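The values are calculated or read from the model by the stated rules, or taken from the named source; none is laboratory data. Bear in mind that the values here come from a model prediction, so they are computed numbers and not experimental data. Cβ: placed from backbone, ideal geometry, glycine included. Neighbour counts: every protein chain shown. Just so you know, the surface numbers come from the protein's heavy atoms only, side chains and all, with ligands and any DNA or RNA stripped out. Shrake-Rupley method; radii C 1.70, N 1.55, O 1.52, S 1.80 Å.
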Amino acid sequence: MVSPAIALAFLPLLLTLIIRYRYYFVLFYRAVLVRIWRDCVTGLSREERAYQYVLVHATPGDPDSILEAFDVWCSKVEYISNIGPKKGKILDRLLMEQSPLTVLELGAHCGYSTVRIARALPLGARLYSVEMDQRNAAIAEKIIRLAGFDDDTVELIVNPSDEVIPRLRADYGLERLDFVFMDHWKKSYCPDLQLLEGSGLLGKGSMIVADNVLFPGAPKFLRHIRKSGLYEWKVHRATLEYSKGIRDGMAELVYQGIK
Amino acid sequence: RRRRRDGERDKKRRENGRRKASKDVGEGEEKYQTKREKRERGKTKRSKNDREAKRRETYKEEPVKVKSNKTREIGKNAKNENTRKWEARMGEPEESYTKEKKKRKSAKKEMEEDGGHSIAKEETHQVNKIKKKKKKETSEVDNEDNEEEDDKEKELRPEDLSPEELEKLKEAVDERKKLIQSLRGKPWPMKKKLVALRESQEFVEKYEGALGKGKGRKLYAYKVMMTKKWMKFQRDLENFKTACIPWEMKIKEIESHFGSSVASYFIFLRWMYGINMILFGLTFGLVMVPEALMGRPYGSIPRKTVPRAEEASAMDFAVLWDCGGYAQYSVLFYGYYNNQRAIGWLKFRMPLSYFLVGVGTVAYSYMVVIRTMARNANESGVGDDNSFNFSWKTFTSWDYLIGNPETADNKFASITTSFKEAILEEQESRKDDNIHLTRFLRVLANFLVLCCLAGSGYLIYFVVRRSQKFALDGLENHTWWERNEVNMVMSLLGMFCPMLFDVISTLENYHPRVALQWQLGRIFALFLGNLYTFIIALMDEINLKREEEMIVKFNITMWETSLYNGTEPENSTAPPISIHPADVPRGPCWETMVGQEFVRLIISDTMTTYITLLIGDFIRAVLVRFLNYCWCWDLEAGFPSYSEFDVSGNVLGLIFNQGMIWMGAFYAPCLPALNVLRLHVSMYLQCWSVMCCNVPQERVFKASGSNNFYMAMLLVILFLSTLPAIYTIVTIPPSFDCGPFSGKKRMFDVIHETLESDFPAWFGKVFSYASNPGLVLPFILLMVLAIYYLQSTSKSYKEANVELKKKLQAQNEENKKKNKRAALQAQMVLEEARKVASQTAGQPNNSTVLQEYESEAFYF
């Protein structure tokens, strides 16, 4: 039997681990435990709860107030991994600089990033938003309409991204994508990027922005862009949305084509 | 020869002509040359002037005639230039000016091209140039000049040089050599440096052998060859020396990957290894080997024999690993040594040697540590970090030893963040509102650390008390865990508490260098507490053993008398009964026990270090690397990641390890050998693990100042570890039946004994007088006074340094003011020129005039 004194000697290690990884524990609590509990209590999904909150607290037709309501809900009440206000500012800046006319968004989730992008688009630009999940797409649709964007500006495509990308040219008459924003499954970053490369929709100067490349992280994606040499790229370092201590990054890629 | 030279000149002229033609085409562009080019031209002009000035100096010692010639020429030159400038300024027609420019260009070109040839030749060229200029500008041809030119042409043949010219050539060669030497410090672009170097070398090669005539020439050539050989030999020797420094390449590689703070640990480790080698040499050569070779062999006397009760298990690995059995009864431990005064045919004074080596190792360590500290203090100089914070950051923050792109990235990021932080800090200090929070956090952190220290101290105390209880009960009744509780708890606390401190220290928000020092201080306190708790426990055990010894001593006398009583009546004339030494009862020998404890501690410590290295670094790295293919988040960039190299923990581990060696080496002569082994292994193991499993620190910082910090800590530890050793030596009488000092009242009595029996009587008398308190006290007083005096003088020097620094600063400010004034003046001149230019508007050349003016202004 191990003596209690030796067990006590492990106390500093335990404390160290708890303190060092406290943000991860908090995240686990907020994103998993609270969610399960709330699901059981209310019988609604997380996205529906968020939608209800936004409906109550935001002004319809005002994207800013909708985004703000989302931010408040995500940081105070529960947790949804939207892009968040800090990284959102970087995204806004990139959009302002680029002012793209055709934008593809992979992973609308519940519409936060869609509203964010649509808000920053120039007149006459069109945003194609891809969402796989039916229920999430319904909520995203509602949120987008609530923010006052119509079908001409934002087109929501309810399908998995790997099915949508090859058919973009045929079904939607797209010739070139100016801006692609990725925030769906981290594992599909790399295959989707390869699909995009293969589809020929990326032209010289097309920008691709991928969120959460460090946490939860997309190592294959990073390895691919490092190796392929098709892009000029950098990673904007930031923290994970609605959390202070977890480092995360947003990759910004500019397609250069084959030299 | 002359023809050739003429031909060359002609060619050059033709070239110039060609260049002129091409220039005429691109003249329009030429007018709007960038300012930089102009500056360059200004530089060459200046350098020309410099060279002329130099030449003037060199010619001073020459015959008057030459001097007069020269001065005239220089004067002409200067006049020429002046007139040129004035002409240009007066707004001469464009053509002449552009010619001028071209000429200057060509002159520059010539200079560059002819760099490899003699200065004399350059002179001729210059004269040529002057001549040309004169032809074109003033059409004033001087016959004298012509003659002079011819003279110069003659000089160029090394075969029939006059001694005077020879001297000149020699000087030129010397100048070239000087240039080669000082080239590294010249503020030139690399390309120019390379060109200049190659040309100078060629020149030296060509003309060095040509110097001297006949016999002298040969001698000279020989001398030159020999110097070259000697230089090469020296260089090779230097290379060889660097190659001989152990692990130099490894450390350099690590330095390039991880920055100098990690490398400083390895350098420290190497230094430690060197010291331990010497300690090992002392103990091995003067104690262990003589005893093994010349002392009585194993089994001859009781103290050199395994007791009968232990004989059965004396060779078991578990027993040997615990330093029992045959390991205990060998030269490795104190108890094995005999108290025989002189051993072997050499009459080697074993007890004296043992004592002196024990004292000598400590004295040597003190000496080395203090000397190194003094040297480091000299090197570090007087730097104050507060006065020019941003300048320091700008100019000195790069670590030039980094050679790895990833580390360079990290360093770059850390410099940027440090700038941001410094700016923020500056703002904060201006704002001065958040300081209370920081202070509160720092106090809180220290409080937490204190709590942690107290907790660990109490835990060790508790464990030690428990282990004493176990020892009284008999160790056989308890489990392995309980028997090894003390060592386990000490190692675990030593491993985990620094981690906790590290986490706590993020609260404080210090600069990493300061944070490292705090961290070191805290771990130091922790280790020290642990060590001293351990020593106190040992002291208790020593007292127990001594009580046991008293009983054993009494028993032995009883046993002996009973033995003799039992045998005597039978035949009193027979020789005393021989009893096998293994059967003789013996005392507990506390010295060996202390030595064993230390050896065990060292071994368990080493094991813990290696196991943590393997588990914490290697296994973790392997898991992170290979689980990353099938994990739901990025393990490498995110949560567990790879470990960083923990400089402070490793340094302190090393220092405390050394402290234990110093403490225990007197009772276990094998300790330095063990330590050398450990350091050797850990050098290779840690080099490997740092290169293979660690990532560069996120905040790479330089460790230039930390070396002396390590040394200071080492000194403190040395002092603290010698204290208990000296205490035991001085106050506790040695065991009666083991060790070199058995039978004496105190261990240091061996000195007295030697003085009395081995030295003449007068020496003993002198020694007793010298050790008289009446003499010793004044001596100590004198020493204290001397120390006080030296300290006060060094303080005054420091003050003087500060004063000088202030003066320098004031001077700098003055200079700045002067420069500002000069710049203002230059601006005024420029304004004037602009006015003139606007007055002569319409003329096409105003911009060139302006340019000229600007370059003039640049001279100010």
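Miscellaneous remarks
- Residue in segment B:444-461 that is assigned to a helix (DSSP H, G or I), open to solvent by 10 Å² or more (accessible area, probe 1.4 Å), within 15 Å of residue B:519 (Cβ to Cβ) and in contact with a Gly (Cβ under 7 Å, 6 or more places away or on another chain) present: yes
- So residue B:646, is it open to solvent by 60 Å² or more (accessible area, probe 1.4 Å), touching a Pro at 6+ places or on another chain (Cβ under 9 Å), acidic (Asp, Glu) and farther than 30 Å from residue B:309 by Cα: yes
- Residue in segment B:340-350 that is assigned to a helix (DSSP H, G or I) and open to solvent by less than 50 Å² (accessible area, probe 1.4 Å) present: yes
- Test: residue B:514 is over 27 Å from the mean Cα position of the chain (by Cα) and either open to solvent by 40 Å² or more (accessible area, probe 1.4 Å) or within 14 Å of chain A (Cβ to nearest Cβ) (or both): no
- Residue in segment A:198-209 that is within 14 Å of another protein chain (Cβ to nearest Cβ) and either surrounded by fewer than 19 Cβ atoms within 10 Å (Cβ to Cβ) or not basic (Lys, Arg) (or both) present: no
- Some residue of segment B:484-502 being within 13 Å of chain A (Cβ to nearest Cβ), under 28 Å from residue B:544 (Cβ atoms), modelled with pLDDT under 80 and outside any helix (DSSP H, G or I): yes
- Checklist (1) more than 18 Å from the chain's Cα centre (by Cα); (2) surrounded by 17 or more Cβ atoms within 10 Å (Cβ to Cβ); (3) aliphatic (A, V, I, L, M) applied to residue A:26, failing item: (2)
- Residue in segment A:77-91 that is in contact with a Leu (Cβ under 7 Å, 6 or more places away or on another chain), crowded, with 20+ Cβ neighbours inside 10 Å and either farther than 22 Å from residue A:240 by Cβ or within 14 Å of chain B (Cβ to nearest Cβ) (or both) present: no
- Number of the exception - residue B:315 against (1) surrounded by fewer than 16 Cβ atoms within 10 Å (Cβ to Cβ); (2) modelled with pLDDT of 90 or more: (2)
- The residues of segment B:634-688 that are within 14 Å of another protein chain (Cβ to nearest Cβ) and in contact with a strand residue (DSSP E or B) (Cβ under 7 Å, 6 or more places away or on another chain), listed by number, are B:642, B:643, B:644.
- Subset of segment A:97-120 [over 15 Å from the mean Cα position of the chain (by Cα) and either crowded, with 21+ Cβ neighbours inside 10 Å or assigned to a helix (DSSP H, G or I) (or both)]: A:97, A:98, A:100, A:119, A:120
- Residues of segment B:397-412 satisfying the condition of being touching a residue at least 40 places away in the same chain (Cβ under 8 Å) and part of a helix (DSSP H, G or I): B:406, B:407, B:410, B:411
- Checked against (1) at pLDDT below 80; (2) open to solvent by 50 Å² or more (accessible area, probe 1.4 Å), residue B:554 passes all but condition (1).
- Residue among A:226, A:237 that alone is free of Cβ contacts under 8 Å to residues at least 60 places away in the same chain, over 20 Å from the mean Cα position of the chain (by Cα) and open to solvent by 40 Å² or more (accessible area, probe 1.4 Å): A:226
- Counting only residues that are under 19 Å from residue A:108 (Cα atoms), in a loop (DSSP other than H, G, I, E, B) and either in contact with a Phe, Trp or Tyr (Cβ under 9 Å, 6 or more places away or on another chain) or among the basic types (Lys, Arg) (or both), segment A:54-77 holds 0 of them.
- Subset of segment B:729-755 that is among the basic types (Lys, Arg) and over 21 Å from residue B:302 (Cβ atoms) - its residue that is least open to solvent (accessible area, probe 1.4 Å): B:746
- The residues listed here are A:179, A:215; of these, the one that is modelled with pLDDT under 85 and surrounded by 17 or more Cβ atoms within 10 Å (Cβ to Cβ) is A:215.
- Number of positions in segment B:462-474 that are touching a Ser or Thr at 6+ places or on another chain (Cβ under 9 Å), open to solvent by 40 Å² or more (accessible area, probe 1.4 Å) and more than 9 Å from every other protein chain (Cβ to nearest Cβ): 0
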